[in-house]
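Report on one structure; see the data block that follows.
No value in this document is a laboratory result; all are computed from the given coordinates. Predicted model, so just to flag it, every value in this text is computed and none were measured. Here the Cβ is made from the backbone with ideal geometry for all residues, glycine too, and neighbour counts use every protein chain on show.
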Amino acid sequence: MINYLAEGLSALKIKLTDHVLQKEIEFIDEMLRWNKRINLTSITDRKEAIEKHLIDSLMLLKYLGDTEIVLDMGSGGGFPGIPLAIAEPKIKFVSIDSVGKKINFQKHIKRKMGLANLSIYHSRVEELTQQGFGETNYPLIMSRAFSSLQMTIDYALPLLTTGGRVLAMKGPEGESELENLGSLLKKHHFMEPEVSNYTLPYSQAERSIIVLTSNQPDKSDK
């Protein structure tokens, strides 16, 4: 299965070391094992899980750059945060989800795989700052299969630094969602959105990544 993962990533111009690839497979196998007892994902086939969870999540590696800390909103069973935390141990990932069983699984993975760069919180996103979890502002916030693009923006805004980015992983509907959000993006000082469309290497399923960059003035500038 390491070759299956490596070849799929290679088709998307992503290369990881054999050590990291092995860790990614260990993670997905543990998720599938847990999934037999608690519902973490509707995907039960190993190859499909590798493609639609691991490979898809790892597409965000191209967008991390020199970011030091990343917030994963509504992370579910740990996607995309855990695959990224495995691949980028020098970056701190903060994972938040409101479903207890999914958070318990993520905490198990953190312990089992020794992911010191992963922080996990059981909370709703809107309660993150109210309860003092994690950092108060993030330069990069990501979401995958989380909510509508409008809701993603609404939740991300209070947590985003000036000049910060929101990465929203979507299906083919991503661009159509953007069409109705022009006034909202302008109101909240977002720059022109960037949209990257791609297809997964084996199923040819269509995906998109929407990049929203904040140009919100600092409070001191108002």
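Quick check: anything in the stretch 121-140 among the β-branched types (V, I, T) and either touching a His at 6+ places or on another chain (Cβ under 7 Å) or in a strand (DSSP E or B) (or both)? Looking through the stretch 121-140, none of the residues is among the β-branched types (V, I, T) and either touching a His at 6+ places or on another chain (Cβ under 7 Å) or in a strand (DSSP E or B) (or both).
Yes/no per residue for (1) under 24 Å from I209 (Cα atoms); (2) in contact (Cβ under 8 Å) with a residue 12 or more places away in the chain; (3) touching a helix residue (DSSP H, G or I) at 6+ places or on another chain (Cβ under 6 Å):
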site: E127; (1), (2), (3): no, no, no
site: A156; (1), (2), (3): yes, yes, no
site: L159; (1), (2), (3): yes, yes, no
site: G163; (1), (2), (3): yes, yes, no
site: A168; (1), (2), (3): yes, yes, yes
site: S176; (1), (2), (3): yes, no, no
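For every residue, the table says whether it meets (1) on the phi > 0 side of the Ramachandran plot; (2) surrounded by 17 or more Cβ atoms within 10 Å (Cβ to Cβ); (3) touching a residue at least 60 places away in the same chain (Cβ under 8 Å); (4) touching a Lys or Arg at 6+ places or on another chain (Cβ under 6 Å).
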residue: N3; (1), (2), (3), (4): no, no, no, no
residue: L16; (1), (2), (3), (4): no, yes, yes, no
residue: L21; (1), (2), (3), (4): no, yes, no, no
residue: E26; (1), (2), (3), (4): no, no, yes, no
residue: D29; (1), (2), (3), (4): no, no, no, no
residue: T41; (1), (2), (3), (4): no, yes, no, no
residue: A49; (1), (2), (3), (4): no, yes, no, no
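For the stretch 141-169, taking the residues that are buried (at least 21 other Cβ atoms within 10 Å of the Cβ) and either of a type in the set (D, E, K, R) or out of contact with any strand residue (DSSP E or B) (no Cβ under 9 Å at 6 or more places or on another chain) (or both), the one that is farthest from S98 (Cα to Cα) is identified as R165.
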